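Engineer: The following block contains the structure, expressed as structure tokens.
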Amino acid sequence: MHYPHKVSRRKKVRAVGFRKRMSTRKGRKIVNRQRRMGRSVGVR
């Protein structure tokens with residue numbers, strides 16, 4: 001049986017987490033756009 005690829009949580013958070021987003025200008029833009037859309041953006 002084939003199992004799906006399992007990414008470690010730590011690696012994922014470091015790649016696409018809140019702090020990573022906030023560290024770049026474009027990332028902050030993404031977060032603000034999500035907030036405008038009404039999504040709650042939390043720290044993972």
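The numbers here are math on the coordinates, done by the rules we state, and not lab data. Since the model is a prediction, treat every value here as computed from it, not as a measurement. Cβ placement follows ideal geometry from the backbone for every residue including glycine, while neighbour counts extend to all protein chains displayed.
Engineer: Answer yes or no: is there a residue in segment 16-23 that is outside any loop (DSSP other than H, G, I, E, B) and loosely packed, with under 11 Cβ neighbours inside 10 Å.
Structural biologist: Initially, segment 16-23 is screened for residues outside any loop (DSSP other than H, G, I, E, B), giving 16, 18-22.
Going one step further and asking which of them are loosely packed, with under 11 Cβ neighbours inside 10 Å, we end up with none.
Scanning segment 16-23, I find no residue that is outside any loop (DSSP other than H, G, I, E, B) and loosely packed, with under 11 Cβ neighbours inside 10 Å, so the answer is no.
Engineer: Could you list, in sequence order, all residues of segment 24-42 that are surrounded by 10 or more Cβ atoms within 10 Å (Cβ to Cβ) and outside any helix (DSSP H, G or I)? Please lay out each step first, then the result.
Structural biologist: Just the residues of segment 24-42 that are surrounded by 10 or more Cβ atoms within 10 Å (Cβ to Cβ), to begin with: 24, 27-35, 39, 41.
Across segment 24-42, the qualifying residues are T24, R39, V41.
Engineer: Which of (1) assigned to a helix (DSSP H, G or I); (2) out of contact with any helix residue (DSSP H, G or I) (no Cβ under 7 Å at 6 or more places or on another chain) is the odd one out, the single condition H5 does not satisfy?
Structural biologist: Among (1) assigned to a helix (DSSP H, G or I); (2) out of contact with any helix residue (DSSP H, G or I) (no Cβ under 7 Å at 6 or more places or on another chain), the lone unmet condition for H5 is (1).
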